[in-house]
Amino acid sequence: MSEIRVCRPHYTTLKKARTGAEHIAEELGEEFGLDHEWEGNTLRFQRMGVTGHIEVGKKEVEVYVKLGFLLMALGPRIEHEINRFCDENFGPVE
């Protein structure tokens, strides 16, 4: 198993951060075939071989992904996409 964890501050409202998380999940869903649903302020996603969540807090967003054995080779690409989506939705890391 391979794990990816990306934490980013956001400088917006919780509602706007949730909208950004939803956008990230939709983009990843289209690209990697993930299904997602909200549980409070945590957006959970999954598909065969991948589980994870986007937890939206008042000042920070955390993206966590666990990849199964067959998808471990895609880990760097997925992490790159997560960082790119976070840059687009929450701003680059300062």
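The values are calculated or read from the model by the stated rules, or taken from the named source; none is laboratory data. The shown structure was predicted, so the numbers you read here are calculated from the model rather than taken from an experiment. When we count neighbours, we look across all protein chains shown, and the Cβ atoms used for this are built from the backbone with ideal geometry, even at glycine. For the accessible areas, the whole protein counts, side chains as well, though only heavy atoms, and no ligand, DNA or RNA atoms are used. Shrake-Rupley method; radii C 1.70, N 1.55, O 1.52, S 1.80 Å.
Observations on the structure shown:
- Filter result for residue 54 (part of a helix (DSSP H, G or I), touching a helix residue (DSSP H, G or I) at 6+ places or on another chain (Cβ under 6 Å) and either touching a residue at least 24 places away in the same chain (Cβ under 8 Å) or at positive phi (or both)): no
- Residue ID - nearest to residue 91 (Cα to Cα), chosen from residues in the stretch 18-27 that are open to solvent by less than 60 Å² (accessible area, probe 1.4 Å) and in contact with a helix residue (DSSP H, G or I) (Cβ under 7 Å, 6 or more places away or on another chain): 20
- Pair list, Cβ under 7 Å, 6 or more apart: the stretch 1-21 residue in contact (Cβ under 8 Å) with a residue 60 or more places away in the chain and in a loop (DSSP other than H, G, I, E, B), other residue open to solvent by 50 Å² or more (accessible area, probe 1.4 Å) and of a type outside the set (Phe, Trp, Tyr): 1/66; 10/59; 10/60
Condition check ((1) open to solvent by 30 Å² or more (accessible area, probe 1.4 Å); (2) among the aromatic types (Phe, Trp, Tyr); (3) modelled with pLDDT of 90 or more) across all residues:
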| residue | (1), (2), (3) |
| --- | --- |
| 10 | no, no, no |
| 63 | no, no, yes |
| 85 | no, yes, no |
| 88 | yes, no, no |
| 91 | no, no, no |
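- Checking every residue in the stretch 21-35 against the condition of being touching an Asp or Glu at 6+ places or on another chain (Cβ under 9 Å), aromatic (Phe, Trp, Tyr) and at pLDDT 90 or above gives zero matches.
- Condition check for residue 70: under 18 Å from residue 30 (Cβ atoms) and open to solvent by 60 Å² or more (accessible area, probe 1.4 Å): no
- Residues (modelled with pLDDT under 95, out of contact with any Leu (no Cβ under 7 Å at 6 or more places or on another chain) and crowded, with 16+ Cβ neighbours inside 10 Å) located in the stretch 52-61: 52, 61
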